[in-house]
Amino acid sequence: ITVTSPDPSITAPERIRVGLWKGSSAPTGATRISGFFGGTAIDPVRPYVYAHQGDTQLRTFNLFTGQEILPAIGGFGQQLGDMVVSPDGSYLYALVGGSAGRIAKVDLAARAIVNSWPIGVAWQSSRARMALARTNGTELHIVNAQKAYLTSDGSILGSTPVYGQLAASPVGNQVWALIDSRPTTSIMGIDLDYSLGAPEPLLTSWSNTFG
């Protein structure tokens, strides 16, 4: 389903995908998936969880049965790190290690890597985190290497003041960072505003700090 606005100032359409349960009986309750995993991501449409074991193989499990399904997705070349899935379930984005880390874009229907772009800095995969924000109708990657990118083609949008573990608000107007500076821990909120064609398309500002 594609939703558009009659307001001429709102040009970005919203695409909505839904998943329906098809079966003769209701799905079972909680299912345990055994193993050690270095990263996981939940599909918002399909009953799938994507996982890796800190290696180069992206595996798929059925949430209801706990069974691994479909062949693993490879070709990343380096160790996988943090992962996120787009809100409509079309793409998975994974941080990939190496001397200069990168983001790999995986088409979940084709089950193949369709693009990748560097984040320009070396990082330890256990500490690298990213969040996906849909700000003013445009999907953005916020990476705790203090950078932001367009998910459509990997274009860099500039620097951001974020680090730590990240989460974006459902409407995409804020990203929250968990800063572990032991013995204290704090949560910082950053406001996001994106405007295509502006001299600085992505604007960020601190909003709140807790802890």
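The values are calculated or read from the model by the stated rules, or taken from the named source; none is laboratory data. Keep in mind the model is a prediction, meaning the values are calculated, not measured. Using ideal geometry, Cβ is built from the backbone for each residue, glycine included, and neighbour counts are taken over all protein chains shown. Please note that ligands, DNA and RNA were not included when accessible areas were found on the heavy atoms of the full protein model with its side chains. Shrake-Rupley method; radii C 1.70, N 1.55, O 1.52, S 1.80 Å.
When you scan the range 60-80, do you find a residue that is acidic (Asp, Glu), out of contact with any Pro (no Cβ under 7 Å at 6 or more places or on another chain) and either free of Cβ contacts under 8 Å to residues at least 24 places away in the same chain or part of a loop (DSSP other than H, G, I, E, B) (or both), even just one?
Yes - at least one qualifying residue is present in the range 60-80.
Of all residues in the range 1-59, count the ones that are in a loop (DSSP other than H, G, I, E, B) and among the aliphatic types (A, V, I, L, M).
Qualifying residue count, the range 1-59: 10.
One line per residue, one yes/no per condition, for (1) open to solvent by 80 Å² or more (accessible area, probe 1.4 Å); (2) farther than 28 Å from residue 81 by Cα; (3) touching a Ser or Thr at 6+ places or on another chain (Cβ under 9 Å):
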site: 13; (1), (2), (3): no, yes, yes
site: 21; (1), (2), (3): yes, yes, no
site: 28; (1), (2), (3): yes, yes, yes
site: 31; (1), (2), (3): no, no, yes
site: 35; (1), (2), (3): no, no, no
site: 38; (1), (2), (3): no, no, yes
site: 64; (1), (2), (3): no, no, yes
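Quick check on this structure: which one of 211, 164, 197 is open to solvent by 90 Å² or more (accessible area, probe 1.4 Å), at pLDDT below 80, at positive phi and not β-branched (Val, Ile, Thr)?
Result of the check over 211, 164, 197: 211.
I'd like to check something: does the range 150-161 contain any residue that is in a strand (DSSP E or B), modelled with pLDDT of 85 or more and open to solvent by less than 30 Å² (accessible area, probe 1.4 Å)?
Taking every residue of the range 150-161 in turn, at least one turns out to be in a strand (DSSP E or B), modelled with pLDDT of 85 or more and open to solvent by less than 30 Å² (accessible area, probe 1.4 Å).
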